[in-house]
Amino acid sequence: MINAELIEKINQQTSIVDLVSEYVKLEKRGKNLFGLCPFHDDNDPSFSVSPEKNIAKCMSCGEGGRPITFYSKIKNISMQEAAAVLAEKAGIKIDLKPVKKDPNEKDYLLLEEATKFFQFNLLQTTQGKEALDYVTKRIEKEAHIKHFKIGYARKDYDSAYLMLKDKGYAVTDMIRLGLVKQNEQGDYYDLFRNRIIFPITNPDGKIIGFSGRAIDPKEKAKYINGPETKIFKKGKTLYHIHEASPTIRKEKNVILFEGFFDVISAYQAGVKNSVATMGTALTSDHAKLIKKYTDSVVVGFDGDSAGQQAALQSIPILEREGLKVAVLIIPEKMDPDEFINAYGEEKFESLLGEFTKDSYQFRYDYYKQNRRFDVAHDVQAFKEDVLKMIRYADPSIASLYRQKLSVDLKISVDLLPGIKHKQQFARKSDLPPKAKKEDKVVDQIEQAEWILFYGMIQSKAAFEKYNNILKDDDYHNHLTAFIRWKLGGYMSDRAKFDKESFMMLLDDSQKEHFEKAHDKNFYWPGHSSPDEKDLEQAISLVKIGPRLRRIDFLEQKAKNEGSLNKEEGEELIKLISLTKNPNLRREK
């Protein structure tokens with residue numbers, strides 16, 4: 001154990017501002033700095049960092065502490081491990097009692113040695129010149145090559161085997177870890193030859209395996225991966241997860257790609273919170289691993305039909321782990337790497353904002369494509385796909401997509417079968433007296449939705465600026481969400497908003513809802529208009545809505561069915577704990 005005096009010294013010599021800044025975007029506010037809390041789903045910066053006291057604390061959930069405590073929590077390691085890491089960074093020598101040795105340490109050392117050998121081949125040998133020329137066409141900066149530890153396996157029959165043998169490693173370990181094979185004559189040879197080498201790391205940053213890309217275009221296998229081992233399981237491994245983890249925590253989001261070069265190209269474009277699967281379908285273990293770092297994921301699979309099909313299949317796997325999912329739509333059926341090479345880094349960054357759909361909108365559009373609504377079979381299949389999609393959805397989301405479905409099929413929404421959520425369809429007279437009381441936060445959220453709506457109709461420029469900030473399923477009121485959806489189509493080919501022509505697009509219930517909102521609000525073109533601060537506050541409030549809707553849904557389900565399953569119960573407890581802020585607490 002490290003004594004208290006040494007712990008105090010490490011804390012004093014470690015800047016809490018510098019440390020937290022690796023994981024959280026901080027802004028100066030008076031004496032302290034504030035950012036979004038990395039320990040809970042924070043919408044309003046509540047994580048306070050005090051340079052004067054050298055301490056950090058979330059004003060909402062209470063997490064934080066001095067440097068060692070913060071680092072222990074953010075990295076999910078013991079206090080002793082955190083102290084050792086920070087001591088090394090601060091140049092403080094500590095004597096630790098021997099800890100239990102990792103049984104896989106020998107394997108990690110062998111793979112690290114091989115990684116250094118491959119890197120040396122690429123960057124410092126004449127044999128590696130052709131490979132380096134190939135790599136530098138894709139990766140311009142040497143710093144980026146080193147970041148990904150990219151190397152080169154020479155054409156030689158057994159260069160890696162001989163190097164490792166000279167270092168004293170057993171050939172049985174080389175074979176077991178997938179670096180060396182043995183032929184029928186008993187000779188040993190390298191698995192990777194004349195290939196660009198991509199080392200694979202685990203969440204702790206240890207090398208656990210390799211993938212090799214062919215340089216020769218005549219090579220039959222473009223990529224070959226090392227075999228699965230005790231420490232390397234493709235279904236549990238995500239490429240670049242260790243290196244990306246600080247940015248993922250800071251951005252509160254991860255971009256999930258399919259290929260190594262997608263990750264590398266995105267990194268060069270400044271998108272550093274990206275990871276990739278290992279050439280396998282996404283698994284629940286992948287989703288669980290992502291969940292350790294963030295609650296939000298953007299699926300950035302290839303833009304072709306196979307990539308979009310894979311994205312479709314990944315959504316339920318990710319959502320089962322409680323992740324909020326969006327899907328990046330890449331134009332021209334390109335993969336991310338191709339798009340960046342063709343259109344540049346700036347276009348890709350804008351692509352992440354403009355061509356990202358929430359999981360429901362993506363699935364709805366996917367089911368709709370190539371369907372003919374004058375063909376009975378297509379109508380039936382589309383309807384079944386959409387109704388299945390919303391079977392367990394939040395009531396307001398289910399209502400929104402039933403409305404969309406009724407518009408596309410040109411039938412009344414009442415003719416569509418589906419789940420009727422009691423809370424959603426009950427008349428006011430049927431509700432118990434307690435439920436009739438005004439929910440002030442919901443009122444504030446719905447008011448915020450209209451403020452944002454009025455902000456968008458001030459001008460064409462305002463519409464384009466705010467249109468993609470929120471998704472349709474972020475809206476609390478399903479009628480407002482549907483009107484907002486109609487506004488998207490209406491403004492796409494108009495220079496300005498006209499109330500009368502827009503109202504013609506709405507049905508009777510939507511018109512009534514629109515007029516009531518209009519009567520309540522003072523914002524309207526030609527009169528007062530929301531300023532930048534009003535709109536920013538409105539966006540923050542609207543983003544709280546999905547959490548409150550989910551709480552309502554789970555509470556109603558518990559009331560109707562008598563109980564929740566374990567996962568739903570834990571989710572409800574977590575959601576309620578995240579809504580501790582008095583400003584967000586609903587009054588009953």
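The values are calculated or read from the model by the stated rules, or taken from the named source; none is laboratory data. This is a predicted model, so every value here is computed, not measured. For neighbour counting, all protein chains shown are included, and Cβ atoms are generated from backbone atoms with ideal geometry for every residue, glycine included.
Worth a mention:
- Put simply, of 343, 360 the only residue that is of a type in the set (Ser, Thr, Tyr), touching a residue at least 60 places away in the same chain (Cβ under 8 Å) and either in the same structural domain as residue 255 (by TED's automatic domain parsing) or closer than 22 Å to residue 252 by Cα (or both) is 360.
- Criterion (acidic (Asp, Glu) and closer than 15 Å to residue 259 by Cβ) met by exactly one of 358, 304: 304
- Those residues of region 316-339 which are touching a residue at least 12 places away in the same chain (Cβ under 8 Å) and within 21 Å of residue 572 (Cα to Cα), in sequence order: 317, 318, 319, 320, 321, 322, 323, 324, 325
- Selection of region 138-165 for residues being assigned to a helix (DSSP H, G or I) and free of Cβ contacts under 8 Å to residues at least 60 places away in the same chain yields 142, 143, 145, 146, 159, 160, 161, 162, 163, 164, 165.
- Checked against the criterion of being among the hydrophobic types (A, V, I, L, M, F, W, C), over 15 Å from residue 339 (Cα atoms) and modelled with pLDDT under 95, the candidates 276, 269, 306 yield just one match: 306.
- Segments classed as helices (runs of 4 or more DSSP H), wholly inside region 407-509, with at least 3 members that are modelled with pLDDT of 75 or more: 440-456, 460-466, 478-491, 499-503
- Selected residue (criterion: nearest to the chain's Cα centre (by Cα)) from residues of region 288-306 that are surrounded by fewer than 22 Cβ atoms within 10 Å (Cβ to Cβ) and either more than 18 Å from residue 321 (Cα to Cα) or among the small types (Gly, Ala, Ser) (or both): 296
- Here 160, 131 are screened, and the one residue that is farther than 20 Å from residue 207 by Cα and either in contact with a helix residue (DSSP H, G or I) (Cβ under 7 Å, 6 or more places away or on another chain) or not assigned by TED's automatic domain parsing to the domain that holds residue 191 (or both) is 131.
- Meets criteria (surrounded by fewer than 21 Cβ atoms within 10 Å (Cβ to Cβ), under 27 Å from residue 132 (Cβ atoms), touching a strand residue (DSSP E or B) at 6+ places or on another chain (Cβ under 8 Å) and among the hydrophobic types (A, V, I, L, M, F, W, C)) for residue 215: yes
- Single residue of 349, 354 found to be surrounded by fewer than 16 Cβ atoms within 10 Å (Cβ to Cβ) and under 21 Å from residue 488 (Cβ atoms): 354
- Restricting the search to strands (runs of 3 or more DSSP E) fully inside region 1-83 and requiring at least 1 residues that are touching a residue at least 40 places away in the same chain (Cβ under 8 Å) and of a type in the set (A, V, I, L, M, F, W, C) gives 55-58.
- Per the listing 373, 382, the residue uniquely more than 22 Å from residue 330 (Cβ to Cβ), of a type in the set (A, V, I, L, M, F, W, C) and in a loop (DSSP other than H, G, I, E, B) is 373.
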